[in-house]
1. Could you tell me what fraction of 2.2 N^0.38 Å the Cα radius of gyration of segment 152-311 comes to, as a two-decimal ratio?
2. For the ranges 247-257, 150-160, 29-39, 191-201, what's the packing order if you count other beta-carbon atoms within 10 Å of each residue, average per peptide, and put the highest first?
3. Dipole magnitude of segment 4-161 about its Cα centre, charges +1 at Lys/Arg Cβ and -1 at Asp/Glu Cβ only, in debye to the nearest 20?
4. Volume per residue, Å³, of the convex hull around the alpha-carbon atoms of segment 1-139?
5. Output the Cα-based Rg and Dmax of segment 277-408 in Å, rounding Rg to one decimal and Dmax to a whole number.
6. If packing is taken as the average number of other Cβ atoms within 10 Å across a peptide's residues, how do 168-181, 314-327 rank, most packed first?
7. Between residue 532 and residue 517, what is the label-point separation in nm under the 7 Å Cα-to-beta-carbon projection?
8. Taking a ≥ b ≥ c as the square roots of the Cα gyration tensor eigenvalues, with a/c under 1.5 meaning rounded and otherwise prolate when a/b beats b/c, else oblate, which class fits the chain?
Amino acid sequence: IVRNDRQLSLANIGVAYLAFIIGTLCGLLQVFIRNDALKLPAWLDYYQILTAHGLLLAIVFTTFFIFAFFQSGMSRTLGAFGRKTSVWSWIGFYVTLFGTLLIVVMVVSGQASVLYTFYAPLQAHGLFYVGLALFVIGTWIQGFALVGHYVVWRKRHKGELSPLFAFMTIATIILWVIACLGVVATVLFQFIPWAFGWTDGINVELSRSLFWYFGHPLVYFWLLPAYMAWYIVVPKIIGGRVFSDSLARLSFILFILFSIPVGFHHQLTEPGIASFWKFLQTVLTFMVIIPSLMTAFSLFATFELRGRELGGRGLFGWVRKLPWRDVRFTSIFVAMFFFIPGGAGGIINASFQMNELIHNTLWVVGHFHITVGTPVAMTFFGLTFWIVPYLTGRVFTKSLQKLAFIQIATWSVGMLLMSTAQHLLGLLGAPRRTAYTGYAHDDAFAWFDGILSNHVTMAVGGSILFISAVLLVYIIVQLWWIAPKADQEHFMTFPIAESDASTTPAFLENWKIWIGIAFILIALAYTIPLSDIIQHAPPGSERFQTW
Ligand code: HAS
């Protein structure tokens, strides 16, 4: 990988892990506040820490890491970036960074304690929303720079399908750009004018709907890079091949089609949307589960085929043959394992009636810690273990590998304890996102009397997670600056599995078809309910003032 592309990826990884360590520290503070073991000083607020935690981990860490992965992988598969791609990628990186800093300054100064969903009528300082807009624009610039690189490659390779890594990167960028249209619309046309006082009200239901138009595909923007690792990197590490090139491509296309017209499943309890539209979007949500089931099937097949190739016999004999001592594999395998209950929880959430039970409870917090917090985050850790050495030219030494095993073990145990407690507490009715009761009032204690459904379990889990985060950052510092330099032979490579595209139909890479169908589905699911929300806003909702 050439110097420029390497530095670009490293810059993104650096910001990602800086956000990661501050974000996990905020998480640690939270579990102690919730169990009443920690009293915050008057100048620091529970919601301020919760906002920082959500934004730094779910938005900043993920996004910067994802771009680092895309950039290094695109440079590896399609060749070094040309001048235009490099310049625009750097510009995009700085715009994203500037937006991030603006957001952080506003949150730290206590002027944006509105959580990562920034629901109106909570209001932040106008510059917070400007920061959000710049963040999105920065990612678009970085994304379009990669699209440019891909277009140049396709012109040079007329009639060929692009490598799977490039295909999946472009699919994810398409999904991201279409998804962001919702958040850009609400931030530019609703929040910024309202926060700067140019308008005296905001249509709350419209802003929430536009947010969730973005908010659900956002979770697939986190998930798809993890799936890229599962489809492409893991098979190479275990010495296998991609199970089916066309299945892998089809699953990404299904995400473009079905991940967007489903945002109402986050709003099932809201009164301003007619049940029919909620029902329609619930059905579409069940469609978006299909590509994940296809992925699970494909991964099991990859593992079994490779395990049998290595001599595994009987129903499960092949499992033992997999390379468990390779932390690059084990970390990601455990991450996948967490997605089984994570995905099942998602199906429960999406079931219209069952959503009544879990909505706005700690269950949801448990759900996203075993989706984005483990399957996605731990896959990113598994990638970090070799991507940093790949970029810095250092050796992932045996002793660092041992530490890496401890790191993923602690992350898994911490997450298992914390998220199980959160799921159970949620079912008992403990609410999410509230400092109400300080969690020491008698009525609140009623939630916390089981062994697992205990506030202490949550705090123990949270503490283990923070120790794990510190360990991870220690490993990264070693891999970046301290571990011995690798000679050429040891130099880590970017693992990309062989994928046989000889029978893959070419129309799968005809983006116009898929983008067109995606917009038709979006129009069907959103046009009428959104125009209803605009036309029939209850009197006064246009004039919501700051709380
Ligand atoms: Fe979700 C709320 C529904 C997936 C993240 N979700 C959230 C929130 C977040 C989030 C952050 O319908 C909170 C938002 C907020 O702040 O209010 N979610 C779903 C559904 C799925 C789903 C249907 N969510 C995710 C993913 C996330 C994520 C992925 C992050 C990355 N979610 C909801 C709903 C709500 C919600 C409602 C709103 C709740 C409310 O009322 O507020 C599906 O995509 C899940 C499909 C997944 C599967 C699993 C496939 C399994 C695989 C692993 C294979 C394993 C192997 C290893 C091969 C069907 C691919 C084998 C190993 C062995 C040893 C066996």
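1. Values: Rg = 19.8 Å, N = 160, 2.2 N^0.38 = 15.1 Å.
In units of the globular-protein estimate, segment 152-311 measures up at 1.31.
2. Values: 247-257: 21.9, 150-160: 12.4, 29-39: 17.8, 191-201: 16.1.
Final packing ranking: 247-257, 29-39, 191-201, 150-160.
3. The calculation lands at about 740 debye.
4. 105
5. Values for segment 277-408 (Cα only, Rg and Dmax): 18.3, 55 Å.
6. In decreasing order of mean packing, 168-181, 314-327 become 168-181, 314-327.
7. With each label point 7 Å from Cα toward Cβ, the separation is 2.7 nm.
8. Values: a/c = 1.44, a/b = 1.24, b/c = 1.17.
Verdict is rounded for the chain.
Just so you know, all these numbers are worked out from the coordinates, no wet-lab data involved. Predicted model, so just to flag it, every value in this text is computed and none were measured. In this analysis, Cβ positions are derived from the backbone assuming ideal geometry, glycine residues included, and neighbour counts consider all displayed protein chains.
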